[in-house]
1. With +1 on each Lys and Arg Cβ and -1 on each Asp and Glu Cβ, and nothing else charged, work out how big the dipole of the chain is about its Cα centre, in Debye to the nearest 20.
2. Only helical DSSP H runs with n ≥ 4 go in: add -39500 (n - 2.57) per run for the chain, normalise by residue count and round the 222 nm mean residue ellipticity to 500 deg cm²/dmol.
3. Separation between the Cys287 and Ser88 pseudo-spin-labels, each 7 Å from Cα along Cα→Cβ, expressed in nm?
4. Can you work out the accessible area per residue across the chain, with the rest of the protein chains kept in place, probe 1.4 Å, in square angstrom?
5. Gain in length, Ser299 to Ser238, computed as 0.36 nm per residue apart minus the alpha-carbon separation, to one decimal in nm?
6. Name all residues of region 28-50 having a backbone nitrogen under 15 Å from the label point set 7 Å from the Cα of Gln2 along its Cα→Cβ direction, giving them as ranges.
7. Counting only protein heavy atoms and a 1.4 Å probe, tell me what percentage of region 304-347's accessible area is made up of carbon and sulfur.
8. Just how many pairs of Lys in the chain have C-alpha atoms closer than 16 Å, counting pairs that are eight or more places apart or on different chains?
Amino acid sequence: MQKLIRWANVLIVVFTLMTYLAPYISPQRFWPFAFIGLVYPTLLVINLLFVFYWAFQRRWQALMSLGVILVGWNHFAGLVGFHPGSVSPEGASLLKTMTFNVYGFTNFHQKGTPASPEELQALIYQYQPDVLCLQEFVNHAKIGSTYVDAIRQHNGLEHAIWKKTEELAIFSRYPILRSEVRFFGSTNGYRYADLQVGERIVRVYNVHLQSNSITGLTDEVTSSPDLRERENWNRVRSILGRFKRAAQERASQVEELLAHLSNSPYPVVVCGDFNDIPQSYTHHRMCKNLRDAFLTAGSGLGITYAGRIPGLRIDYTFTDLKFTPLYCQRGKVSFSDHRPVITVIQL
């Protein structure tokens, strides 16, 4: 029996090492590595179970899984933050951001019941951001205006960029000097706003990269996981096909975004729903010249997706290397399948 467990442990270690390669391989060249990276949180849990099992048995095999976790410590730190928060120097200029995919304000736990504007207003009032970036914002003119009024009321976010036919919105305490938007399709894309923060100008991006569009199919498979049913195999194939197309599109989209960032005349803060995990090509490319605020200043669990697929951190704040993230943590909310990310940045 122990021999079988030992070989299973070796197999899990090998698969874990493969997830560490995923960020360096573009899905446009070989997409399966993007899917392998997706299972890292599950492999992490299994490795921890192996560590405890072998340690209880007092066997050296505990070092296999422990070693592979330590080798990929940056990946582990992408899910769990150990930074209690830094104290800024006296007189330092700070910017507090909040990014949130609001899921069209649909109540995620009570299907069909939309979240009220008062719920959103209370959420924003709790965290008091200077800049608020929303994805999947309501694009219905009448309903959207109601939420816009709720956001502005009592929160000091007087300056806003939002159009009635779009799902990317930026709200700010600071004057917005200029803004442009670029959509890859009907909803996914990015919008930037140049903010006058004291004597400096900061360019803030609100990003929503290609969605995987597999939530519904995943719910169907997990609710009836019998793989003897042909229909479930068809669903699994459809999930893989959709994920492949989305991963390849994100690889292209992130390159376009990075090209735009490189031409910014001002230091940047990039917020949004990237629909990709820290073990992804997308995240690797974003971190080339930017800081992942959670890796620098994250505290607690970083998981931001609340759907059926467990352990996913797909919502981020990236900062210019000239800036220092002091605090980064996810918030709590009941009316979306995402959690908001709140970040304090020293400019």
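1. Dipole magnitude for the chain comes out near 980 debye.
2. That calculation yields -12500 deg cm²/dmol at 222 nm.
3. Calculated label separation equals 2.5 nm.
4. 47 Å²
5. Difference between extended and current length: 18.4 nm.
6. It comes to no residues whatsoever.
7. Carbon and sulfur atoms account for 49 percent of the accessible area of region 304-347.
8. 4
The values are calculated or read from the model by the stated rules, or taken from the named source; none is laboratory data. Just so we're clear, the structure is a prediction, and the values are computed from it rather than from any experiment. Glycine gets a Cβ as well: all are built from the backbone with ideal geometry, and neighbour counts include every protein chain shown. Note: accessible area is taken over every heavy atom of the protein model, side chains too, but ligands, DNA and RNA are not part of it. Shrake-Rupley method; radii C 1.70, N 1.55, O 1.52, S 1.80 Å.
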